[in-house]
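K.L.:
Quick one: structure below, then a few questions.
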Amino acid sequence: MEDDKVSFGFEDVSRDEKTRRVKGVFASVAGKYDLMNDLMSAGVHRVWKANMIAWLNPQPGETLIDVAGGTGDIARAFLKRADEVARRRRSTTRSMAFVSDINEAMLVAGIKPTDENMPRVACDAANLPFPDRCADAVTISFGIRNVVEIDQALREFRRVLKPGGRFACLEFSHMTHAALQEAYDKYSFNVIPALGGFVTGDRASYQYLVESIRRFPNQDDFAERVKAAGFAQVGYQNYSGGVAALHTGWAV
C-alpha cells in the first residue's frame, strides 16, 4: 500500500490534491506543450521518441495504448511505422492507437484533421477502461511521474497487454555522473521555469515539472517497480547521459 501522501514537485500532498493540480498544470500548458518540449530539449526529445518507436517495432494490425498520450505524437509515430511495414508487405491491414490522458485539454489540443485510427480516451492511468489482454503495446512518455498511483498504473499496463506485448516508458531521469547532474540541475531550475513563463505565461507549472523530475526514482529503482508489476525482461537505456531513460518490459 502506498503512503497517504504523494509528491507534487517538492511538496507532499494528498492523492486528490495531486490529481487536481496535475490536471491544472496540463490544462494550462496544453496549447504550447509540444513547442516547450522542443525548446527545453533543443528538439532532442524527438530523437528519444524515435528510439522508443524503433524498439517497439510496430507491426500491421497491432493495437497500441499510449497512456498520458496528450498531443498524440507517439500514437502517430507508431501508426506511421506500422503502415510503412504494411506497404512493404503489400498488406492492407491497419493498426490502431488509443490516445489516453487524464486531461481532456491535452487530448483536444492534440487533435489533427489528418488523424486516423487514433481514438481519444479520457481516463486515469491507474484505471484504464480497456479489457484484459487487448493491446500489443503500451507506452507512456514523460507522464509516469505525474501519475498519482504509479504502481497501480504499472499493473494496469501489464493487465491490458497481450502475452508477448511490449511496454515502453520514456521518462526524464537521473544523470549518470554527479558533475553532469549538477550542471543539469542548474540549467533545469534556472532556465526551464523562466522559459515556461515566457512562452506559456505559466512559470509555476514548469517549476513543478522540474521538481517532479528530481523526485522521480532513479533508473534502477524504477526498473524494480516495473518488475514488481509483473513484467519480464525488464531493462532500460539511458539517453543523453541520463537526462532521459527508456524503460522496457514484456508481458508473459
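K.L.:
Measure up K23/K112; K18/K80; K32/K186; K5/K112; K112/K186; K112/K162 against 26 Å on the Cα-Cα distance and list the ones that go over. Each step should come with its number before you reach the end.
P.N.:
Working: K23/K112 22 Å; K18/K80 35 Å; K32/K186 23 Å; K5/K112 38 Å; K112/K186 36 Å; K112/K162 29 Å.
Long pairs (Cα-Cα over 26 Å): K18/K80; K5/K112; K112/K186; K112/K162.
K.L.:
Distance between Cα centroids, segment 204-222 to segment 1-73: provide it in whole Å.
P.N.:
After rounding, the separation between the Cα centres reads 12 Å.
K.L.:
Another question about this same structure. Mind checking the full-extension length gain between I111 and A27? Use 0.36 nm per residue of separation minus the Cα-Cα distance, one decimal, nm.
P.N.:
Taking I111 through A27 to full extension adds about 28.8 nm, to one decimal.
K.L.:
Given a cut-off of under 8 Å on Cα pairs at least six residues apart, what relative contact order in percent is computed for segment 5-250? The partial results should precede the final answer.
P.N.:
On the way: 436 pairs, mean separation 48.4, N = 246.
Once divided by the residue count of segment 5-250, the mean separation gives 20 percent.
K.L.:
Moving on. Taking the Cβ of T93 as the centre, find all other residues whose Cβ is under 10 Å away and add up their charges (Lys, Arg: +1; Asp, Glu: -1). Don't jump to the answer; show the numbers that get you there.
P.N.:
Values: positive: R89, R94; negative: E62, D83.
My count for the surroundings of T93 gives 0.
A short reminder: the numbers here are calculations on the coordinates, not readings from a lab. These figures come from a predicted structure and were not determined experimentally. Note that we place each Cβ from the backbone using ideal geometry, even for glycine, and neighbour counts take in every protein chain shown.
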